[in-house]
Amino acid sequence: RDDVDEVRVAMTAERKGLTIIAIGSGKGGVGKSTLTANLAIALSRKGRKVGLVDADIYGPSQPVILGNQGEKPVAHDEKLVPVASRFGVPVLSMGHLVEPGRAIAWRGPMAAGALTQLFEAHWGDAEVLLVDLPPGTGDVQLTMLQKFKPAGAVIVSTPQDLALIDAARAGQLFDQAGVPVIGLVENMSGYACPHCGEHSDPFGQGGVEQAAGRLELPFLGRIPLDLAIRQGSDRGDPPAASDEAVARPFIDIADRLDA
Ligand code: ADP
């Protein structure tokens, strides 16, 4: 019996008519959580009712990014009520259930039970549930996908070769789970120096679009390496919520996702 046997979310999700979209990456640190939060906000700005599940249970970062760290979800009829954020996106994250900064070292079945609670929550009138997956392509991710059956998945990668190999592996993971890949996003794509304006490509450029071509998957867009994105994320002020140019790439990707 697999670890995450408890996660019966697929059925629950279908009952509610929720469309689940998973955001995955072959490895950590490429901006998966940043993209998930900002896509959720961009879709919500387009009038979609969006909820966010932070399934990155061992390294939950959504409470920080969405600026509601320290808030606790209440339970109603033995189910969790998602935590509101200032951006019209309710969210449930393990980060809301444990003390901030405390290491989470659960074994599989406990983690599975916790995940079930995040999915089988009072999602109300949400139409779309974006899921911030744990990074990587191991058994935990596969079992999780098979149980909660997303309608589609988005893969985020940085442009350098090593990240691209991992992104291709993430594609195989979704294939194995029978989850169609909606497309690839290139993050940390090109950097414009705020001082001299010179453009550089610390991780190379265009690699994800080329990889998408090779894998015959749609390319959804690129997000620049931008200090404002990192700063906004750290202070709970996600860039997609702003009216500045920094929101644009996220809004464009949301448009393509929701076309
Ligand atoms: P992951 O979820 O893949 O581990 P995160 O979304 O947590 O990655 O991003 C890792 C770090 O990189 C965070 O500090 C985040 O603010 C920063 N970051 C992500 N994308 C960008 C970007 N486009 N420009 C600048 N910083 C970014």
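The values are calculated or read from the model by the stated rules, or taken from the named source; none is laboratory data. Note that the structure is a prediction, hence the values are computed from the model and not measured. Don't worry about glycine lacking a Cβ; one is built from the backbone with ideal geometry, like all the others, and counts go over all protein chains shown.
Which residues, counting only those in the stretch 28-47, are more than 14 Å from Pro249 (Cβ to Cβ), within 6 Å of the ligand (Cβ to nearest atom) and surrounded by 24 or more Cβ atoms within 10 Å (Cβ to Cβ)?
Val30, Lys32, Ser33
Could you list, in sequence order, all residues of the stretch 166-211 that are farther than 22 Å from Ala228 by Cα and in a loop (DSSP other than H, G, I, E, B)?
Of the residues in the stretch 166-211, the ones farther than 22 Å from Ala228 by Cα are 166-184, 207-211.
Answer for the stretch 166-211, where residues must be farther than 22 Å from Ala228 by Cα and in a loop (DSSP other than H, G, I, E, B): Ala177, Gly178, Val179, Pro180.
Can you tell me which of Val181, Val154, Val128 is β-branched (Val, Ile, Thr), closer than 19 Å to Asp255 by Cα and buried (at least 24 other Cβ atoms within 10 Å of the Cβ)?
Numbers: Val181 fails: buried (at least 24 other Cβ atoms within 10 Å of the Cβ); Val128 fails: buried (at least 24 other Cβ atoms within 10 Å of the Cβ).
Selected residue: Val154, the only one of Val181, Val154, Val128 that is β-branched (Val, Ile, Thr), closer than 19 Å to Asp255 by Cα and buried (at least 24 other Cβ atoms within 10 Å of the Cβ).
Restricting attention to the stretch 65-80, which residues are within 23 Å of Ala112 (Cα to Cα) and either under 12 Å from the mean Cα position of the chain (by Cα) or touching a residue at least 60 places away in the same chain (Cβ under 8 Å) (or both)?
From the stretch 65-80, those within 23 Å of Ala112 (Cα to Cα) are 69-80; that's our starting set.
Of everything in the stretch 65-80, just one residue is within 23 Å of Ala112 (Cα to Cα) and either under 12 Å from the mean Cα position of the chain (by Cα) or touching a residue at least 60 places away in the same chain (Cβ under 8 Å) (or both), namely Gln69.
Look at Val156 and say whether it is within 15 Å of the ligand (Cβ to nearest atom), at pLDDT 90 or above and under 18 Å from Pro73 (Cα atoms).
Numbers: within 15 Å of the ligand (Cβ to nearest atom): yes; at pLDDT 90 or above: yes; under 18 Å from Pro73 (Cα atoms): no.
Considered against the rule, which asks whether it is within 15 Å of the ligand (Cβ to nearest atom), at pLDDT 90 or above and under 18 Å from Pro73 (Cα atoms), Val156 comes out as no.
Within the stretch 231-259, can you find the residues that are under 16 Å from the mean Cα position of the chain (by Cα) and either free of Cβ contacts under 8 Å to residues at least 60 places away in the same chain or within 23 Å of Arg169 (Cα to Cα) (or both)?
Within the stretch 231-259, Pro249, Ile253, Leu257 qualify.
State the number of residues belonging to the stretch 21-48 that are over 20 Å from Leu162 (Cα atoms), in contact with a strand residue (DSSP E or B) (Cβ under 7 Å, 6 or more places away or on another chain) and charged (D, E, K, R).
Counting residues in the stretch 21-48 that are over 20 Å from Leu162 (Cα atoms), in contact with a strand residue (DSSP E or B) (Cβ under 7 Å, 6 or more places away or on another chain) and charged (D, E, K, R) gives 1.
For the stretch 37-47, what are the residues that are over 14 Å from Arg222 (Cα atoms), in contact (Cβ under 8 Å) with a residue 12 or more places away in the chain and not basic (Lys, Arg)?
Selection gives Ala37, Ala40, Ile41, Ala42, Leu43, Ser44.
So, in the stretch 212-227, exactly how many residues are near the ligand (Cβ under 8 Å from one of its atoms) and more than 17 Å from the chain's Cα centre (by Cα)? Outline the logic, then answer.
Pass one, the stretch 212-227, residues near the ligand (Cβ under 8 Å from one of its atoms): 223-227.
Checking which are more than 17 Å from the chain's Cα centre (by Cα) leaves us with 224-227.
Counting residues in the stretch 212-227 that are near the ligand (Cβ under 8 Å from one of its atoms) and more than 17 Å from the chain's Cα centre (by Cα) gives 4.
In the stretch 87-115, how many are surrounded by 13 or more Cβ atoms within 10 Å (Cβ to Cβ) and farther than 22 Å from Lys32 by Cβ?
Residues of the stretch 87-115 surrounded by 13 or more Cβ atoms within 10 Å (Cβ to Cβ): 87-98, 104, 106, 108-115.
Applying the additional criterion that residues be farther than 22 Å from Lys32 by Cβ yields 109-110, 113.
Number satisfying all stated conditions: 3.
Quick one: count up the residues across the stretch 18-27 that are more than 6 Å from the ligand (Cβ to nearest atom) and either in a helix (DSSP H, G or I) or within 17 Å of Gln172 (Cα to Cα) (or both). Before the answer, list the steps.
In the first step, residues of the stretch 18-27 are kept if they are more than 6 Å from the ligand (Cβ to nearest atom); the result is 18-24, 26-27.
Those left that are additionally either in a helix (DSSP H, G or I) or within 17 Å of Gln172 (Cα to Cα) (or both): 21-24, 26-27.
Going through the stretch 18-27 one residue at a time, the tally reaches 6.
For the stretch 212-254, enumerate the residues that are farther than 20 Å from Ser25 by Cβ and outside any helix (DSSP H, G or I).
Arg235, Gly236, Asp237, Ser242, Asp243, Glu244
Scan Ala168, Ala105, Ala111 and give me the residue that is modelled with pLDDT under 95, farther than 30 Å from Val74 by Cβ and not aromatic (Phe, Trp, Tyr). Quick ask: steps written out before the conclusion?
Details: Ala105 fails: farther than 30 Å from Val74 by Cβ; Ala111 fails: farther than 30 Å from Val74 by Cβ.
The conditions single out Ala168.
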